[in-house]
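Asker: Structure below; questions to follow.
A short reminder: the numbers here are calculations on the coordinates, not readings from a lab. The structure presented is a predicted model; accordingly, all values stated were derived computationally and were not measured. Here the Cβ is made from the backbone with ideal geometry for all residues, glycine too, and neighbour counts use every protein chain on show.
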Amino acid sequence: MSRMPIVAALVGNPNAGKSALFNALTGARQKIANYPGVTVERKAGRLILPTGEPVELVDLPGSYGLGSTSPDEEVTRKVIMGEQTGQAQPDVIVLVLDSSNLEQHLVFAQEVIELGRPTVVALNMVDLAERDGLVIDPAALETALGVPVFATVAVRRRGLAELTAAIGEARDRAQAHEANPRPHVTLPERRMLAHEIANAAIISETAKHRIHARLDKALLHPWAGPPILFALLFVVFQAVFTWATPFADGLEAVVGGLGDAVKATLPDSLFRDLITDGIIAGVGSVVVFLPQIVILFFFILTMEATGYMARAAFLMDRMMAGVGLSGRSFIPLLSSFACAIPGIMATRSITDPKDRLTTILIAPMMTCSARLPVYAVIIAAFIPNNKVGPGIGLQGLVLFALYVAGIVGAMLVALVLRRSVTKGAASGFIMELPKYQLPTVKDLAIGLWQRAWIFLRRAGTMIFTVTIALWILLNFPRAEPGQDQINASVAGTLANGLAVVLEPIGFNRDMSLAIIPAMAAREVAVSSLATTYAVSASDDEDAQAMALGDQLKSRWTLSMALSFLAWFVFAPQCLSTIAVARRETNGWKWPAFMLAYLFALAYLASFATFWTATALGLG
Amino acid sequence: MTLDQLPLGTPARIASVDWSALVAEEAQRLQALGLDAGARVTLAYRGVFAGRDPLAVEIGRMTVALRRVHARAMIVEPIIESARA
């Protein structure tokens with residue numbers, strides 16, 4: 001009979017280098033899912049013992065103690081204790097300690113070792129400690145803790161073979177002996193012991209982290225720090241738009257070529273139209289945004305890996321405090337510029353529940369990458385490519401204004417919410433500022449690959465399905481000769497009904513039609529417009545040859561286009577965001593509230609934009 | 001003197017903490033980070049905007065960000081440099 005595979009869990013303080021160790025031990029063969037009932041990410045990978053036996057390695061969220069204060073830490077506690085549904089209790093605990101933060105990390109380590117579960121210790125990042133002039137004796141630590149200790153450097157794969165072998169040995173030893181919990185001690189006693197153990201294990205110690213101090217001196221400088229942060233953010237957004245262009249153009253050419261190739265090979269039929277107008281035009285118009293998403297995540301992951309993200313939170317704390325939030329909300333909100341889903345999931349590190357809820361509610365207002373397709377198409381079609389100043393184009397300025405509108409809207413809403421529905425004690429800001437580190441190419445590559453894959457999977461499944469469904473709804477029932485196909489279709493009938501409600505904000509039938517399937521995801525609005533105009537133009541050779549931008553220009557006024565843009569600043573058109581908000585808040589109450597207030601804001605903003613633009617005579 | 005009044009860069013020892021002045025979860029978090037009576041700390045940075053908030057405190061080889069509200073609950077005694085070692 002084959003034995004159950006060994007389950008091992010990586011446990012440790014935040015910033016102990018667990019994720020880097022996890023990546024080094026398991027490679028890219030990782031599975032990311034969620035623990036049932038909570039949206040804490042479950043990261044698992046496979047590792048092979050020298051005996052050939054496979055081990056399932058689980059990376060648990062960083063924690064400061066077993067008395068949990070955040071959903072993340074709660075999962076760590078439950079998994080260790082074997083109380084987490086959907087997760088077998090780990091046979092072996094791999095305790096990860098940061099060598100240069102030994103005394104601090106030994107406090108939680110003692111608490112875990114006390115449980116008497118089979119444990120091995122990875123004394124991680126010994127190279128960084130040595131760089132700081134700190135030499136530690138693993139043998140002394142092993143004697144003091146009573147469990148095997150291995151010095152490791154994840155990035156250089158130092159000590160990994162020994163650590164892996166020890167996982168198997170710890171399990172074998174556990175099978176031979178009963179678990180023996182050690183006597184519990186109080187936190188102050190543990191801290192005292194941690195101090196003693198650390199002092200006994202440290203062989204030599206010179207002046208401390210000079211590099212960090214020097215970097216922090218500049219980056220956290222009261223006057224220099226904030227401008228450095230804003231300059232960096234400016235570079236990030238600049239890069240997202242300029243670096244991505246050649247790649248996006250390349251992808252666009254591939255998508256166009258694919259459509260032409262299908263047109264050339266398949267006979268003229270409704271089926272061919274489904275492939276070209278439906279699938280290729282629809283999915284293709286979304287896939288071209290992959291480069292921008294990858295670039296934005298590249299910066300976010302780099303800021304996190306280097307340790308700068310925590311400094312950004314520190315610098316932003318005072319500003320966030322002004323609207324009743326804390327610097328911790330800055331990280332989820334910044335991630336929301338890529339996508340609100342990882343943004344909302346990143347709120348798990350916010351310990352204050354009211355603070356966290358407010359951040360979840362405003363995250364959808366950050367201009368996510370799914371809005372870019374919509375903004376880009378409309379701006380290119382309606383805003384002239386004029387220069388309004390040295391190096392400042394009108395198109396870029398409009399795009400910038402849309403970003404600012406989202407941020408200002410979010411801050412105002414946070415201010416109101418913190419004084420009404422999410423009222424509560426002033427939220428605090430307590431956060432460890434991790435040591436600076438050079439990110440490793442491998443860790444970055446794994447992170448980027450995971451984000452890109454999530455995006456492509458979404459394009460391949462949900463957007464694919466929605467596009468086909470829309471194409472069918474647009475093409476059936478078939479119109480009588482001489483009648484407009486869209487007006488005759490199911491989708492057209494629905495849109496004509498919705499248009500009555502949306503007429504006061506300047507929306508025509510096609511715009512109403514576009515926002516229905518865009519409920520699934522915002523970028524679908526572009527593919528819907530592309531599909532709609534492709535269907536309505538299919539009898540007209542001249543119209544068919546027109547690019548989407550020219551189609552829009554011939555059918556919409558500037559006021560209508562601006563109203564459409566204003567709508568997308570606020571409208572919560574993303575099923576995945578709503579689903580994530582429901583999971584994160586454990587119910588429909590808050591997502592329903594989010595939908596209601598954001599649609600109300602979108603309607604008001606579009607109404608004001610349309611009538612202001614009309615009154616100004618913008619046409 | 002409370003921690004928020006400590007001059008930048010001056011090493012000090014936390015003499016006592018008025019935990020009752022803080023929210024229970026935050027008290028627990030500060031303790032978990034080692035900010036408790038007896039700990040040796042240095043105030044490293046202050047924010048620039050109104051209120052000079054937040055603060056960055058060095059404790060051991062770790063830097064912890066916290067708000068002035070928390071620092072105000074901690075009584076500290078500066079360590080005289082000559083008395084060291």
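Asker: Ranked from highest to lowest mean number of other Cβ atoms within 10 Å per residue, what is the order of the peptides A:323-336, A:186-199, A:245-258? Present the calculation step by step, with values, prior to reporting the outcome.
Answerer: On the way: A:323-336: 25.1, A:186-199: 15.7, A:245-258: 13.6.
So the peptides A:323-336, A:186-199, A:245-258, ranked by packing, come out A:323-336, A:186-199, A:245-258.
Asker: Over the Cα atoms of region A:69-133, what is the Rg over Rh ratio if Rh follows Kirkwood?
Answerer: 1.05
Asker: Could you check what % of the DSSP bridge pairs in chain A are antiparallel, to the nearest 5?
Answerer: 50
Asker: Using only atoms on other chains, find how many Cβ atoms lie within 10 Å of each Cβ of peptide B:21-31 and report the average. Intermediate values should be presented prior to the final figure.
Answerer: Working: counts 0, 2, 7, 1, 7, 8, 1, 7, 9, 2, 7.
Rounded to a whole number, the mean comes out at 5.
Asker: Dipole magnitude of chain A about its Cα centre, charges +1 at Lys/Arg Cβ and -1 at Asp/Glu Cβ only, in debye to the nearest 20?
Answerer: Value, rounded to 20: 920 debye.
Asker: Here is a follow-up. 7 Å from Cα along Cα→Cβ at both A:ARG182 and A:GLU205: what's the point-to-point distance in nm?
Answerer: So the two model labels end up 2.0 nm from each other.
Asker: Which FRET efficiency value, to the nearest 0.05, do you get for A:LEU274 and B:ARG13 by plugging their Cβ-Cβ distance into 1/(1 + (r/R0)^6) with R0 = 56 Å?
Answerer: Numbers: r = 74 Å, r/R0 = 1.33.
E between A:LEU274 and B:ARG13, to the nearest 0.05, is 0.15.
Asker: If you wrap a convex hull around the Cα atoms of region A:6-208, how much volume per residue is inside, in Å³?
Answerer: 115
Asker: Taking 0.36 nm per residue of separation and subtracting the Cα-Cα distance, what length does fully extending A:VAL408 through A:MET4 add?
Answerer: Here the segment from A:VAL408 to A:MET4 would lengthen by 140.0 nm.
Asker: Distance between Cα centroids, region A:576-593 to region A:416-459: provide it in whole Å.
Answerer: Region A:576-593 and region A:416-459 have Cα centres spaced 19 Å from each other.
Asker: Quick check of the Kirkwood formula: for the protein assembly as shown, what is the inverse mean of 1/r over all pairs of different Cα atoms, in Å?
Answerer: With all distinct Cα pairs of the protein assembly as shown included, I get 27.8 Å.
Asker: With a sphere of radius 13 Å drawn around the Cβ of A:PHE298, what net charge do the other residues whose Cβ falls strictly inside it have (Lys, Arg +1; Asp, Glu -1)?
Answerer: My count for the surroundings of A:PHE298 gives -1.
Asker: Tell me which of A:ALA518, B:ALA44, A:SER528 sits at the most positive position along the dipole axis of the protein assembly as shown, charges placed on C-beta atoms (Lys, Arg +1; Asp, Glu -1).
Answerer: B:ALA44
Asker: Out of all DSSP beta bridges with both ends in region A:6-208, state the antiparallel percent to the nearest 5.
Answerer: 45
Asker: Within chain A, which DSSP H helices have Cα atoms that stretch 27 Å or more along the helix axis and a mean Kyte-Doolittle hydropathy of at least 0.5? It would help to have the intermediate numbers written out before the result.
Answerer: Numbers: long enough: A:244-265 (31 Å, 0.59); A:394-419 (37 Å, 1.88); A:589-615 (39 Å, 1.11).
Length and hydropathy pass: A:244-265, A:394-419, A:589-615.
Asker: Grab the beta carbon distance between A:LYS442 and A:ARG46, set R0 = 22 Å, and tell me the FRET efficiency rounded to 0.05.
Answerer: Given R0 = 22 Å and the Cβ-Cβ separation, E is 0.85.
Asker: Quote to one decimal, in nm, the extra length available between A:TRP223 and A:VAL416 on full extension: 0.36 nm per residue of separation minus the C-alpha distance between them.
Answerer: Details: separation 193, 0.36 × 193 = 69.48 nm, distance 2.98 nm.
Separation in residues times 0.36 nm, less the Cα-Cα distance, equals 66.5 nm.
Asker: Going by C-beta contacts inside 10 Å, put A:SER606, A:SER559, B:SER16 in order with the fewest on the left.
Answerer: Details: A:SER606 27, A:SER559 21, B:SER16 13.
Final ranking by Cβ density, sparse to dense: B:SER16, A:SER559, A:SER606.
Asker: If you take the alpha carbon radius of gyration of chain B and divide it by 2.2 N^0.38 Å, what ratio comes out, to two decimals? The partial results should precede the final answer.
Answerer: On the way: Rg = 12.1 Å, N = 85, 2.2 N^0.38 = 11.9 Å.
Relative to the rule-of-thumb radius for its length, chain B sits at 1.02.
Asker: Calculated FRET efficiency, A:GLU196 and A:ASP172, Cβ-Cβ r, R0 25 Å, to nearest 0.05?
Answerer: 0.20
Asker: Run the quick spin-label model on A:LEU258 and A:ALA479: label points 7 Å from Cα toward the beta carbon, then report their separation in nm to one decimal.
Answerer: Using points 7 Å along Cα→Cβ, the separation is 2.8 nm.
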